[in-house]
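Participant: This structure is in structure tokens; I'll ask about it shortly.
What follows draws every value from the coordinates through simple rules; no lab data is involved. Keep in mind the model is a prediction, meaning the values are calculated, not measured. Counting neighbours? That spans all protein chains shown, and the Cβs are built from the backbone with ideal geometry, glycine included.
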């Protein structure tokens with residue numbers, strides 16, 4: 001039986017960052033410990049300890065709400081919401097709202113932590129190789145080096161391979177200089193490291209959550225695909241540092257697309273311990289966390305706050321705390337219903353005295369802690385998730401029905417009165433984001449928040465407040481069920497919804513291999529192969545085991561209808577639509593749009609109901625973003641530039657153009 005990875009704090013010379021940050025010598029001088037000698041890291045035990053730190057370090061990036069925002073806000077999935085601050089408004093690239101700068105771009109979380117991991121891997125690889133450590137353990141270090149460089153090159157372009165002490169050498173002293181390598185040089189190293197990992201990693205994880213051959217195949221195929229697009233450059237997007245868009249090994253874009261398809265297809269055909277779950281609901285249900293579809297993730301635990309990496313009772317949203325879903329959770333607790341059938345009753349000051357809040361903050365997958373920082377744009381629901389009855393991915397992605405849960409807050413009231421002053425009981429719908437425009441008349445408030453207190457409408461014959469797709473606003477919108485809070489220690493109450501999430505943040509899913517292969521097939525002109533891969537996921541999407549909106553188990557099969565509805569010709573736009581349906585809100589959308597060079601085309605304009613003056617909750621506006629070619633690379637963080645001791649011209653040359 002495999003043991004789950006246990007994260008511990010590992011303080012070692014090898015674990016410090018570079019490029020202007022304190023090197024490792026100072027730590028050794030201050031706290032000399034024989035266990036942290038180079039010889040120790042040449043042993044299997046030492047390598048295992050170093051690997052623990054690498055897995056742990058994932059938490060600083062994956063589950064970080066602000067980094068998540070950098071990969072979702074400003075795309076064709078999310079915009080900024082009512083309570084957004086500059087972290088989110090700047091990322092949206094809406095003129096007059098925010099401006100993305102080296103100081104405000106939250107890709108900084110990746111820069112610092114990726115180089116910390118890379119320096120660690122350099123140390124482990126050097127000393128482990130010299131000490132004769134296990135190749136399988138060394139392969140995990142090679143994997144992490146490739147993975148971190150892959151994340152960096154997609155985000156910033158070319159980055160340093162020499163961190164201050166020579167190419168791929170660990171830092172042993174404070175360094176104040178840095179030179180960026182070109183994109184082809186970075187990918188050459190990525191491919192070499194992933195190849196080593198693929199050759200030497202085991203088929204099955206040595207510990208639950210540890211990487212394997214197929215995890216290496218996943219990222220190798222995606223790196224091949226991404227570099228193929230970079231070489232082809234159909235949108236004429238600039239790169240930096242400037243260089244020829246040629247492969248150092250002499251291969252063309254087609255060669256990389258072919259290898260992307262081959263490796264992804266091999267991973268699908270030789271799944272090892274991974275595979276598709278029977279239904280989409282089962283992939284994302286909290287009770288099924290760490291299922292076979294989850295290949296690579298930043299893990300957490302409910303058992304202990306220290307090992308969770310975040311307080312189980314109250315978290316502030318920083319460091320290793322897993323709080324991503326808070327950003328996309330709107331304040332459903334603002335919903336109001338009437339205490340009695342009399343409806344509105346106001347005192348002499350004009351204050352409402354007959355309303356109560358029926359939806360309490362709860363540590364549950366549909367609920368959680370609301371921060372209202374990011375809102376999905378309306379096109380998600382009108383243009384992408386169009387088949388909401390057959391395609392289970394809509395229901396398995398979003399919270400569309402908010403039910404009364406006042407009994408869990410020790411409120412013994414049996415009945416309240418909601419829309420049309422109709423009675424509602426515990427577990428009844430209080431607000432529904434309906435799948436399409438209703439046939440009956442819906443009365444929305446002409447100004448202010450209305451009876452619902454969130455700007456929802458009142459539909460004839462319905463007790464629940466309703467919001468139609470074209471009335472979704474920055475204030476009220478479907479939540480992200482798939483990433484929602486999941487706890488088993490609530491008892492019969494509301495639990496601890498303000499604590500750091502205890503769910504893993506999934507970085508790679510087996511299902512994405514089908515999408516990688518399909519995209520590569522499209523680039524190769526292999527329509528039949530692309531359609532075959534896409535239909536595997538669409539067939540699965542037609543199978544329902546649970547209906548979240550109706551809160552009940554079901555056994556519905558629309559798989560053949562889903563397959564029949566697949567278009568005859570698969571193009572990149574359809575691939576991107578399917579990627580959104582399958583992977584919506586999972587922190588990879590910006591990479592998808594940047595890779596395919598479709599960001600400006602797909603996300604430069606969107607619609608939403610704006611709420612600036614709180615008197616136009618149902619006023620739909622069209623917003624235009626200022627997405628420029630230089631935005632396809634994120635700015636080098638100010639913290640990096642401030643740490644370098646070079647002249648102004650060298651600093652300017654180090655920064656990506658446009659920032």
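Participant: Run the quick spin-label model on residue 470 and residue 262: label points 7 Å from Cα toward the beta carbon, then report their separation in nm to one decimal.
Facilitator: 5.1 nm
Participant: Still on this structure: Between residue 437 and residue 246, what FRET efficiency follows from the Cβ-Cβ distance if R0 is 45 Å, with the result rounded to 0.05?
Facilitator: About 0.30, to the nearest 0.05.
Participant: Sort 371, 111 so that the residue with the fewest other Cβ atoms within 10 Å of its own Cβ comes first and the one with the most comes last.
Facilitator: Lowest to highest Cβ neighbour count: 371, 111.
Participant: Considering Cα pairs under 8 angstrom that are at least six residues apart, work out the relative contact order of the stretch 551-659 and quote it in whole percent.
Facilitator: 15 percent
Participant: Which FRET efficiency value, to the nearest 0.05, is calculated for residue 607 and residue 44 with the Förster distance at 60 angstrom and r the Cβ-Cβ distance?
Facilitator: Efficiency, from the Cβ-Cβ distance: 0.60.
Participant: Return the equivalent ellipsoid semi-axes of the stretch 137-224 as a descending list in whole Å, where each equals the square root of 5 times an eigenvalue of the C-alpha gyration tensor.
Facilitator: Semi-axes (√(5λ), whole Å): 25, 15, 10.
Participant: Stretch residue 287-residue 410 to full length: gain in nm at 0.36 nm per residue minus the Cα-Cα span?
Facilitator: Extending this stretch completely gives an extra 41.7 nm.
Participant: Which distance in Å, rounded to a whole number, links the C-alpha centroids of the stretch 108-171 and the stretch 309-383?
Facilitator: If we compute the Cα centre of each part, the gap is 42 Å.
Participant: Further question: Pick the calculated P(r) over Cα pairs in 20 Å bins from 0, in percent for this structure from (i) 18, 52, 26, 4, 0; (ii) 16, 35, 23, 17, 9, 2, 0; (iii) 18, 45, 29, 8, 1, 0?
Facilitator: (i)
Participant: Something else: Give the relative contact order (percent, whole number) for the chain; include only Cα pairs under 8 Å separated by 6+ residues.
Facilitator: Relative contact order comes out at 18 percent.
Participant: Also: Nearest-5 percent of antiparallel DSSP beta bridges in the chain?
Facilitator: Counting only bridges with both partners in the chain, antiparallel ones make up about 85 percent.
Participant: Using only alpha carbon pairs under 8 Å that are at least six residues apart, calculate the relative contact order of the stretch 410-493 and give it in whole percent.
Facilitator: About 29 percent, as a whole number.
Participant: If we count other beta carbons within 10 Å of each Cβ, what is the order of 150, 194, 307, fewest first?
Facilitator: Placing the least packed residue first, the sequence is 307, 150, 194.
Participant: Let me ask you something else. Provide 507, 572 in ascending order of the number of other Cβ atoms located within 10 Å of each residue's Cβ, fewest first.
Facilitator: 572, 507
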